Amino acid sequence: MEIDRRAVVMVLVAALVGCKSAQPTVSGAHGGGDGGAAAGGAVTKASYAMGTQKSFITDPTLNGMNAVEVTIPGNWHFQGVLYQGGNCVSIPSPVFRTTSPDGLSFVERLPPLGWFWGTGPFVQYIPKSDCLPMKGPMSAQEFVKYLAATMKLDFVADEPVPEEVNARAQKNLADAEAVYAPKYAAMNTQPPKETVELARAVVSSKNGTFAMKGRLMVTVDCMETYYPGMKSMLRGMPDRLPSTMDKCTANVNYAAAPESQYAALVKSWDTNGMGAKLLDAWQQAWIQRNNQQSQQMINNMIRQSQAQMAAQQAQFNHDQAVRQQMHEQFMQTMQRGTDMSMARTQANMNARSTSTSDWVDFALDRQTVMDPGTGQVSKVSSSYTHTWVDETGKTSYQTNDVNANPNGVLPGTWTQQTKTHGDGSSY
């Protein structure tokens, strides 16, 4: 499950990359005005001279453990939750909104947004819900303009991303790729291609009578995974075509204030130490639980497979006993010598058939494997020691790594095959 862990770590890192102040939101609202203040015409400037305070977002699935630490101005209000994810973006992400005392200035972080596209037979596994309607690549700069229009904000201008912020994002990506490259190499698997792009834009809007100025900050993390095709080893079974799966996740931060207070807002929230920080203890606890849940799923599958095999064995034993009884009753009418001769002849034929089928497999550099759950027999390459087949019974995965397991890595449910004689009989 190491590849899954890489995806978890990269998405958790991308959740806050490039943001000295990570700004999630509870409700996704884009305004933040105080109706009373707007009606009365009194404008209290957001204060940034009151020091700072730390607020925490907890994870209810880990007994309320603190997951994210958020540093905000000392007199600001805070609300936050840990978004647990859905079908398209399954990794948890901090989502919060913090507002100034007058309710006019605010900083928020939206739930992560994702979209998929791809080619080949694996496209059928693309999530059908919780995803944006895009079916192709979109740069961070394009996405920030798309988002501004979606949020009913007026796009004013692109804002350059500070070089040190972009450099930090690229370094995080390079470091993660360096850590996991040997693991992909050990599995003889092509690693996914991943990119991280950052973009910012200045936007404007109206909050009652107030002209608002804001900044959208977007991090778009895209990963392309290639699944090689496979030539069928069985007559009549078509070759499996290769597949390419692309997934992009966008993490969005939005800050806004009345135009006269915008410069102070940006200056305050660009200060080192402001914003959100994932807590190491929570990250370790979350990854550990994720690994335990994955292992539990594997163990359950193994137990179910063993129970199914035991039931099949019990049924086979019962059927065999019935057939044996019928055979003995029939054989009582035959001469004993003839019966023994027929039994010896049958045994010799079976032995020759098994031996011949094994030699045919050897000559063709192939082996025979059987699905322990369904009894389906397949001919596959003999170059590998371990063979897995998905639930369709038509797609196989072979490896020499005893610890390799495509479940959780490749789409679908995979069952490890049992090696048999060339005629399908068990060793």
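Out of 260, 305, 204, 243, report the one residue that is at pLDDT below 90 and of a type in the set (Gly, Ala, Ser).
Every option except 305 fails the conditions.
Out of 288, 315, report the one residue that is surrounded by 10 or more Cβ atoms within 10 Å (Cβ to Cβ), under 20 Å from the mean Cα position of the chain (by Cα) and without any contact (Cβ under 8 Å) to a residue 40 or more places away in the chain.
Result: 288 is the single residue among 288, 315 that is surrounded by 10 or more Cβ atoms within 10 Å (Cβ to Cβ), under 20 Å from the mean Cα position of the chain (by Cα) and without any contact (Cβ under 8 Å) to a residue 40 or more places away in the chain.
To keep it simple, each residue is scored yes or no on (1) at positive phi; (2) in the same structural domain as residue 415 (by TED's automatic domain parsing); (3) in a strand (DSSP E or B).
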site	(1), (2), (3)
238	no, no, no
249	no, no, yes
255	no, no, yes
263	no, no, no
267	no, no, no
285	no, no, no
292	no, no, no
301	no, yes, no
306	no, yes, no
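Can you find a residue that is touching a Pro at 6+ places or on another chain (Cβ under 7 Å) and either surrounded by 15 or more Cβ atoms within 10 Å (Cβ to Cβ) or closer than 30 Å to residue 296 by Cβ (or both) anywhere in the range 379-391?
The answer is yes, given that some residue of the range 379-391 is touching a Pro at 6+ places or on another chain (Cβ under 7 Å) and either surrounded by 15 or more Cβ atoms within 10 Å (Cβ to Cβ) or closer than 30 Å to residue 296 by Cβ (or both).
Look at the range 78-131 and say how many of its residues are among the basic types (Lys, Arg), surrounded by fewer than 24 Cβ atoms within 10 Å (Cβ to Cβ) and more than 15 Å from the chain's Cα centre (by Cα).
Looking only at that region, the number is 1.
What number of residues within the range 96-116 satisfy the criterion of being in a strand (DSSP E or B) and on the phi > 0 side of the Ramachandran plot?
Residues in the range 96-116 being in a strand (DSSP E or B) and on the phi > 0 side of the Ramachandran plot: 0 in total.
For the range 263-290, name all the residues that are over 29 Å from residue 161 (Cα atoms) and either modelled with pLDDT under 85 or of a type in the set (Ser, Thr, Tyr) (or both).
290
So, in the range 187-224, how many residues would count as being part of a strand (DSSP E or B), surrounded by fewer than 20 Cβ atoms within 10 Å (Cβ to Cβ) and under 20 Å from the mean Cα position of the chain (by Cα)?
5
Considering the range 169-186 alone, what residues qualify as being surrounded by 14 or more Cβ atoms within 10 Å (Cβ to Cβ) and over 30 Å from residue 402 (Cβ atoms)?
169, 170, 172, 173, listed by residue number.
Kindly check whether there is at least one residue in the range 352-367 that is outside the structural domain of residue 189 (by TED's automatic domain parsing), at pLDDT 80 or above and in a strand (DSSP E or B).
Checked the range 352-367: at least one residue is outside the structural domain of residue 189 (by TED's automatic domain parsing), at pLDDT 80 or above and in a strand (DSSP E or B).
What residue, of 102, 130, is out of contact with any strand residue (DSSP E or B) (no Cβ under 8 Å at 6 or more places or on another chain) and within 24 Å of residue 79 (Cβ to Cβ)?
102
Is it the case, given these coordinates, that residue 275 is within 30 Å of the chain's Cα centre (by Cα), surrounded by fewer than 16 Cβ atoms within 10 Å (Cβ to Cβ) and in contact (Cβ under 8 Å) with a residue 12 or more places away in the chain?
No, not satisfied.
From the residues in the range 117-157 that are of a type in the set (Gly, Ala, Ser) and not in a strand (DSSP E or B), which one is farthest from residue 219 (Cα to Cα)?
Per the stated criteria, the residue is 120.
The values are calculated or read from the model by the stated rules, or taken from the named source; none is laboratory data. This is a predicted model, so every value here is computed, not measured. Please note: Cβ atoms are built from the backbone with ideal geometry, for glycine as well, and neighbour counts cover all protein chains shown.
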